Each structure stands twice: as C-alpha cells, then as structure tokens.
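Only one structure is covered here, and it is reproduced in the block below.
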Amino acid sequence: MDLENSIEQTKIRKIIHVDMNAFYASVEQLDHPEWRGKPLVVGGNAARGVVAAASYEARKYGIHSAMSSVLASRKCPHLIFAKARFDRYREISYQIREIFYEYTDLVEPLSLDEAFLDVTENKKDIKSAILIARQIRAKIKEATGLNASAGVSYNKFLAKIASDLNKPNGQAVILPEDAEEFLEKLPIGKFFGIGKVTTEKMQKLGIHNGKDLKDFSLQFLTKKFGKSGLHYYNIVRGIHLSEVQPHRTRKSLSAENTFDRDLITVQEMEEQLFPIFEEVIRRLEKSGVKGRTITLKLKYSDFTQQTRSKTLEQYPEKELIWEIAKELLYQEEIPKAVRLLGLGVSNLNITEEQTHFGEQLRIPFE
C-alpha cells in the first residue's frame, strides 16, 4: 500500500520536511567555484571562533557545527574558512520559500534551511506527496543550484526523521503501516527532539532504541521525564498530532557578534556594540515589531556569560533602545575581557511571527 492510499484510508496528513544540504557551506561553494569539492567551514578562523556550518568534505574529517574553529583547523590543516554572509543566505532562503508556496500556504519554517509543508490539500491538486517532494527538490536545484533532501510521512515527527535517511540530496518516505516497526529499530539518539542529555538518561534506564522505549509504561515515562513522558510514549507509536503552523510565535529578537580579538576597554565595547544595535533595529523594522525589554549579553574571554536587562512600561523607539543599551553596558564594572557582545529585545507587541522567516541569526561580522 502506498502513502497516498494509506492516507485516504486513515484520514491523516501528508507532510513533507525539506532540508537543505550543508546550506551555508553549500552557498559558499556555489558562489566560489574554486572551493567546490574542498573541505570548508563557515564562521570563525584558524585562530578563534566557532564553526557555524561545515561542508560534507569537511565532515569527513569529523568537523561539525558548533565545534571550535581551532579544533577544526587541527583536524584539517588545509580547511577553508569562509566568512558568514547571512544576507546572501536569506536571499536564497526566500527563493526556496517561494517554491514551497507554489504548492501550499501551510509552510512552517524551522530555520533558513529547513521547513515543514502540509500538502494534504495542495494548490496543484497533486495526490502524491512523494511526487511533490521530488518536484520541489528539482525546482530548488534549478532555481538556486543547491541540493535539498526531503522526508515524507503522515506527521511532522516522522517526516523530519525521514529527511535524514538519504542525505545528501535524497528523499525517503515512512508509510503509516511501516512507522511502528521502523521506530522500534531506530536508535534513541536518532529520535527527533530527543537530545544528548535525554539520550544519556534513557540509556542509563536501558532504553537504547524505540523498542526499549515502547516497553515502558506511560506512568513510568511520566514519572521519569515529567510532561515529556507522554510525548515519548506517543512518538514511539508513531503518534504526533502537532499541525504545520505557518505562523510561529516570536518571543524575542536579537543579534550578536564574536570578535577576532577580545575587547578590553568599555569604550571599545560601546564602539562594537553600535553596529549590533543597528542590526537589531533593522530586524525590528523589517518585522514591524517593538519590545519593552532590552537585554545586553556579554561573553567573557573565559567563556563565562552574563546578561543585563531593563524592562520599560512603554515600547521604546530606537534612540531610547540605544541609550538603554549603553546604560546596561556601563551599569557596573566589566571584570574581564569580552569576546562576544549581544543585544536583544523581548516582551514583543505581537502574538504571531509576521514577515520574518526562520530562526534568530548571528550578524555576519566574523
């Protein structure tokens, strides 16, 4: 039985998860032909910083996102470091989003490089979600030159897992009748939404795969994992009722920058904070939102972190936001050299995300 017939019989959804392959790194290789086929990372440099994205060639050396640039350089001495260009990544992301909207308005972006689509009822009246996924991937390739992977299933949880099965540049489907057997064999660390800490906790309880998880009662899982216990009980049985949400709640809007050298004086910090403030204002104006809480983030040279915040009764204009940012900076003595500054605005005057696509981004200053 194929996915479409199964869905007709069980009245469930047709969900696609589209995930771009090594997106930031692939964009850099697309725009710089001399870097194609070579190990490359976006973010940081050989001396300091953090890897934001790694090409598949770099991943062969054990390099991955969030790894320190110094360690990445040790693993691959001829590694190419590319500066992040988020304006370019957003530009391509918007192109990709327009392709999604050719098929459905039910698009839920998770970040600039991935999204869920509900194509149960779609604008082209195509019955096969598998065919739609193939068409979308082909159109993305034609429009941008980049490869995408896709997963197809009857809920978001399974579609997300499926999109990882045939990476890079592939797609997979998990049929309703195959879901439970598939999940029983799946290592617990591969379950979407179960992170490293929870994986370790489960393994200590003897839960190493889906079958092990399925053997525990709802009462036991709730006792050990609180409210998440019900979620784990359901997902291992292929039950996940969350719908594709085209509007996502935004709780804050911020920007930050990690510097090539540590900042020593508060005057240096104020100077470097201003372009971060300008980026926050640009994002606020683009999103059409305002916020009442201003937060300054400081990460010190020893990687310890501090935040300072102030909440106002009214929504401040940009001039006042800058004055508050400076007030927070000078609020008390800064005890150590600073490697990162960030500025955020929260308590926003919206309940739904408006025009912003994807997750909060770093400023491409590195």
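Legend: calculated FRET efficiency, residue 274 to residue 61, from the Cβ-Cβ distance at R0 = 41 Å, rounded to 0.05, equals 0.60. Annotation for the stretch 162-245: GluC sites (Glu not before Pro) lying in DSSP loop with at most 15 further Cβ atoms inside 10 Å of their Cβ are 243. Only protein heavy atoms count here; on that basis, with a 1.4 Å probe, residue 125 has an accessible area of about 130 Å².
Quick one: in the stretch 34-191, what % of C-alpha pairs are over 24 Å apart? Of the Cα pairs, 45 percent sit more than 24 Å apart. Among the trypsin sites (Lys or Arg not before Pro) in the stretch 201-233, those located in a DSSP loop and surrounded by at most 10 other Cβ atoms within 10 Å of their own Cβ are 227.
A DSSP coil position with no more than 13 other Cβ atoms inside 10 Å describes the following trypsin sites (Lys or Arg not before Pro) in the stretch 60-110: 60, 83. Above 26 Å, the calculated P(r) of the chain contains 60 percent of its Cα-Cα pairs. The DSSP beta bridges internal to the chain are antiparallel in roughly 90% of cases. Hey, could you get me the Stokes-Einstein D for the stretch 161-284, Kirkwood radius over alpha-carbon pairs, 10 °C and 1.306 mPa s, rounded to whole µm² s⁻¹? Answer from the Stokes-Einstein relation: 86 µm²/s. Sorted on the mean count of surrounding Cβ atoms within 10 Å across their residues, most packed first, peptides 292-298, 305-311 read 292-298, 305-311.
Considering only Cα-Cα distances, which of the following residue pairs are longer than 28 Å: 156/310; 60/251; 123/160; 190/227; 160/299?
Flagged as over cut-off: 156/310; 60/251; 160/299.
Once each of the chymotrypsin sites (Phe, Trp or Tyr not before Pro) sitting in a DSSP loop with at most 14 other beta-carbon atoms within 10 Å is removed, the chain keeps 1-302 as its longest stretch.
The values are calculated or read from the model by the stated rules, or taken from the named source; none is laboratory data. Since the model is a prediction, treat every value here as computed from it, not as a measurement. Positions of Cβ are generated from backbone atoms using ideal geometry, with glycine treated the same way; all protein chains shown enter the neighbour counts. Surface accessibility is based on the protein's heavy atoms, side chains included, excluding ligands, DNA and RNA. Shrake-Rupley method; radii C 1.70, N 1.55, O 1.52, S 1.80 Å.
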